[in-house]
Amino acid sequence: VITVSAAVNLMRLKNGSTPVVMLRNCVTEASALQLAEGIRLYGKKADLQALELPYNHQMGAAGIRAIVDVVIQEDLALEEFDFSYSPHFGKAVLEAVEPLLEKKGPRLCTLRLADCSLRSSTLSVLSKSAPRLRLQTVDLSGNPLAGAGEAIAELLEAPVLQELCLACCGFELADIQQIAEQLPYASLRSLQLARNGIRRAGLQALADNLASCRIEELGLEGNELQAADLGCLGEAWVKRPFARLRLSGNLMT
C-alpha cells in the first residue's frame, strides 16, 4: 500500500480480510488521523491484525495516540504494531502505546520500536508493566540503551515474552550481565544481541546462564568475538543444546 487513502479504501472495498496494513514513509500527522478514522470504520470488517508504520518521519505522537485510541475504543484484536525507524519519536512513542499495553481483552503480541531514540530512562514504561504484559515479541534494536540492563532484565519478567531483539544498542558489560542473570527466570526463546561489542566477558556472562534458561536462538553477530572466546558456549551447549547460534561478522580467523 502506497498511501493512507489507498489503505483506507482497501479496507473499505475489499470483500475479504486485510489483516496487515503496511505504510512506509508516507504517513504524516494529518494522514495518521485519517488512518485512525479508517480503522474505526473498517478495521473490524477488514479483520486488521497488524499495523506496520516504519520510516514515517512526519508522523508525531498525536497521530500514534489517535490510532491507539481507536484500537482501544473499538476493541480491535490488533496483534502487531511497528513504529520502527523513526528516531524523532523518542519516549513519546512508548507513552502513546502504553494504554494499548494495559487494555483489557485482546492484547498486543508484537511491538517493534527499532531506532526510535529510546533510552535507558524511557524503558520504565515497558518494564514497570512487565508482569502484566502479553507481548511475545519486542524489538528495541538500534536504540542507544547503554545503562538499560536493569530495565531490560525487568522487561524479561513479561510472562509470555518469546523473542527480544536488542541489536546495535551500545550495551555496557554490566548491562549484558544483568540481562544474562535474568535469563533463567524468563520465558524467552530468542535473544538477538548483534553488534553490541559484547566480547569475551559478556559472552561468558551469557554462557553461564544458557544451560538453565529456555533460549533456543542466540544472535551474536558482529561482536568482536574470537574463536578462542567460544569455549564457554561449547560448554553451555553440552549442558543444554540449543538450536541456532548466529556468529557471522566476528573475528574468527
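The values are calculated or read from the model by the stated rules, or taken from the named source; none is laboratory data. Worth saying up front: this structure is predicted, and the values here are computed from it rather than measured. Every residue, glycine as well, gets a Cβ built from its backbone with ideal geometry; the counts of neighbours run over all protein chains shown. Just the protein is used for accessible areas: all its heavy atoms, side chains included, with ligands, DNA and RNA removed. Shrake-Rupley method; radii C 1.70, N 1.55, O 1.52, S 1.80 Å.
Structure notes:
- Under a 5 Å amide H cut-off, with hydrogens placed 1.01 Å from N, Thr28 pairs with nothing among residues at least 5 apart or on other chains.
- Considering only Gly90, Cys26, Ile2, and ranking their Cα positions along the charge dipole of the range 1-107 that arises from unit charges at the beta-carbon of Lys, Arg, Asp and Glu, the one farthest toward the positive end is Ile2.
- Here the scattering of the range 104-253 is modelled by Debye summation over its C-alpha atoms, one equal scatterer each and no solvent; at q = 0.08, 0.10 Å⁻¹ the log10 of I(q)/I(0) is -0.20, -0.31.
- Pairwise label distance in nanometres, Met22 with Ser5, each label 7 Å out on the Cα-Cβ vector: 2.4 nm
- Listed residues Glu52, Glu157, Glu74, most fluctuating in the chain (Gaussian network, C-alpha, under 10 Å): Glu74
- When the pairs Lys14/Lys128; Lys104/Lys128; Lys44/Lys104; Lys45/Lys104; Lys45/Lys103 are compared against a 29 Å limit on Cα-Cα distance, Lys14/Lys128 fall above it.
- Cut-off 15 Å between beta-carbons: net charge of the residues surrounding Tyr185, Lys and Arg +1, Asp and Glu -1: -3
- Computed extension gain for Glu150 through Arg12, at 0.36 nm per residue and net of the alpha carbon distance, reaches 45.2 nm.
- Accessible area (Å², 1.4 Å probe, nearest 10) - Lys14: 90 Å²
- Across all Cα pairs in the chain, the calculated P(r) in 10 Å bins from zero up to the longest distance comes to 7, 30, 30, 20, 10, 2 percent per bin.
- The gain in end-to-end length when the Leu33 to Leu173 segment is fully stretched comes to 46.1 nm, 0.36 nm per residue minus the alpha carbon separation.
- Which of Thr253, Thr3 is most accessible, then next, and so on - probe 1.4 Å: Thr253, Thr3
- In the chain, the calculated helix contribution to ellipticity at 222 nm averages -10500 deg cm²/dmol per residue, counting -39,500 (n - 2.57) for every DSSP H run with n ≥ 4.
- Extreme residue, positive dipole direction of the chain, given options Pro241, Leu53, Ala114 (C-beta unit charges): Leu53
- Between the range 157-192 and the range 1-48, the alpha-carbon center distance in angstrom: 34 Å
- With all protein chains modelled, accessible area of Arg132 [1.4 Å, Å²]: 120 Å²
- FRET efficiency for Arg200 and Ala243, using Cβ-Cβ distance with R0 set to 22 Å, rounded to 0.05: 0.40
- Stokes-Einstein diffusion for the range 122-206, with the hydrodynamic radius set to the Kirkwood value over Cα pairs and evaluated at 37 °C in a medium of 0.692 mPa s, equals 262 µm²/s.
- Chymotrypsin sites (Phe, Trp or Tyr not before Pro) within the range 1-83: DSSP coil, no more than 15 neighbouring Cβ in 10 Å: Tyr55
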